[in-house]
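K.L.:
Take a look at this one; I'll ask things after.
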Amino acid sequence: MRYFLVCVLLSLVQAQARTAMAVDVIFEPLASITNDRNADLQNLGVLLVLGRIVGLRFDTINGKNPHEAYFSLHDMERGAVLDGDGKHKAIVLRGSIDPTVGNADLVITYLSNGLSGRHKDCRADIVRDERGQWHIVNIYDHRWVDHLIVQTWKLGISTIEGICPR
């Protein structure tokens, strides 16, 4: 009987711990994303637990296929596909995020020519300000960016305005 009671108590504690962890995950938006090809509206933000980044969330709010995509820190190191299909990876976000220090070095790879398969890269940072808020930083002009515009042409993406130079 005592063994049964201990098992029940352990199960209750584990259930409460899982519930507490789920409640402690906070989504903090970084930037909205639009493009010149359609009316999609997307948001990119960090997932925080106790103020530390544990991943990213990419939401398509308005568009043909509204959904949320979650990416762990490990996914980010390998490259998180934000836009694309099984054949073409249109936008990939890759980099390392230091959850304790509060910064990230990112490489954004985008499909510049779908016919030839050519990709271009640009860089951005994610930093935490003195108030603890997270921001995307354009490393070329060192400004915070809260809106990105995907500029396209017939065969792909020409630039991502806000973080990539032309």
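K.L.:
Under 4 °C and 1.567 mPa s, how fast does segment 25-161 diffuse according to Stokes-Einstein, given a Kirkwood radius computed over C-alpha pairs? Answer in µm²/s, whole number.
P.N.:
On the way: Rh = 15.3 Å.
The Stokes-Einstein estimate is 85 µm²/s.
K.L.:
Further, regarding this structure: I need two numbers for segment 86-166: Rg to one decimal and Dmax as a whole number, Cα atoms only, in Å.
P.N.:
Final numbers for Rg and Dmax: 13.9, 45 Å.
K.L.:
Label points 7 Å out from Cα along the Cβ direction at Tyr140 and His67: separation in nm?
P.N.:
Going from the Tyr140 label point to the His67 one covers 3.1 nm.
K.L.:
Give me a comma-separated list of calculated 3J(HN,Hα) values for segment 47-61, in order, Karplus coefficients 6.51, -1.76, 1.60 applied at θ = phi - 60°, integers in Hz, x for any Gly or Pro.
P.N.:
Those phi angles translate into 9, 10, 10, 6, x, 9, 5, 10, x, 10, 10, 10, 10, 9, 8 Hz.
K.L.:
Using the basic label-point model (7 angstrom from Cα toward the beta carbon), what is the Leu155 to Ser32 distance in nanometres?
P.N.:
3.3 nm
K.L.:
How big is segment 27-87 along each principal axis, measuring the range of its Cα positions in Å and listing the largest first?
P.N.:
Computed over segment 27-87, the largest-to-smallest principal extents equal 37, 26, 16 Å.
K.L.:
Name the long-range amide H neighbours of His88: under 5 Å, sequence gap of 5 or more, or other chain; modelled H, no Pro or chain starts.
P.N.:
none
Rule-based calculations on the coordinates, nothing more; no lab input. Please read all numbers here as calculations on a predicted model, not as lab measurements. Virtual Cβ from ideal backbone geometry, glycine too; neighbours counted across all protein chains shown.
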